[in-house]
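Beneath this line is the structure, given in structure tokens, with notes to follow.
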Amino acid sequence: GTTTPELWPPHTRPAATLTVANTDDWLTAIAAGRGSGVSGASTAAMHPHPGVAYVPLDDAPGVPVLLARRDGPGHPALP
């Protein structure tokens, strides 16, 4: 996914951003001390990294998760 400063209210936007090609590059940059990031809990399970600590943000608001699928009739197991 892509996170841009516009996702933050103007008074809380980060002063600088870092552009990376993929999740592995993002985690490598974090491990090297070049930044920090916020991600879903699934990132910790799917992309463990020895130089990155995944710290739960217990007071953070929930984020809606949606299923993207082809429009029209689909598989009967999907809504």
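Brief remarks follow.
- Among the residues of segment 21-63, those that are among the hydrophobic types (A, V, I, L, M, F, W, C), over 21 Å from Pro5 (Cα atoms) and assigned to a loop (DSSP other than H, G, I, E, B) comprise Ala32, Val52, Ala53, Val55.
- Qualifying residue in segment 52-59 (condition: among the β-branched types (Val, Ile, Thr), loosely packed, with under 10 Cβ neighbours inside 10 Å and at pLDDT 95 or above): yes
- Residue check for Leu78: among the aliphatic types (A, V, I, L, M), loosely packed, with under 10 Cβ neighbours inside 10 Å and modelled with pLDDT under 90: yes
- Looking only at residues in segment 26-51 that are more than 13 Å from the chain's Cα centre (by Cα) and of a type outside the set (A, V, I, L, M), the one that is surrounded by the fewest Cβ atoms within 10 Å (Cβ to Cβ) is Pro50.
- Scanning segment 2-29 for residues that are under 15 Å from Ala44 (Cα atoms) and not polar (S, T, N, Q) yields Asp24, Asp25, Trp26, Leu27.
The values are calculated or read from the model by the stated rules, or taken from the named source; none is laboratory data. Note that this is a predicted model, so its numbers are computed, not measured. Cβ: placed from backbone, ideal geometry, glycine included. Neighbour counts: every protein chain shown.
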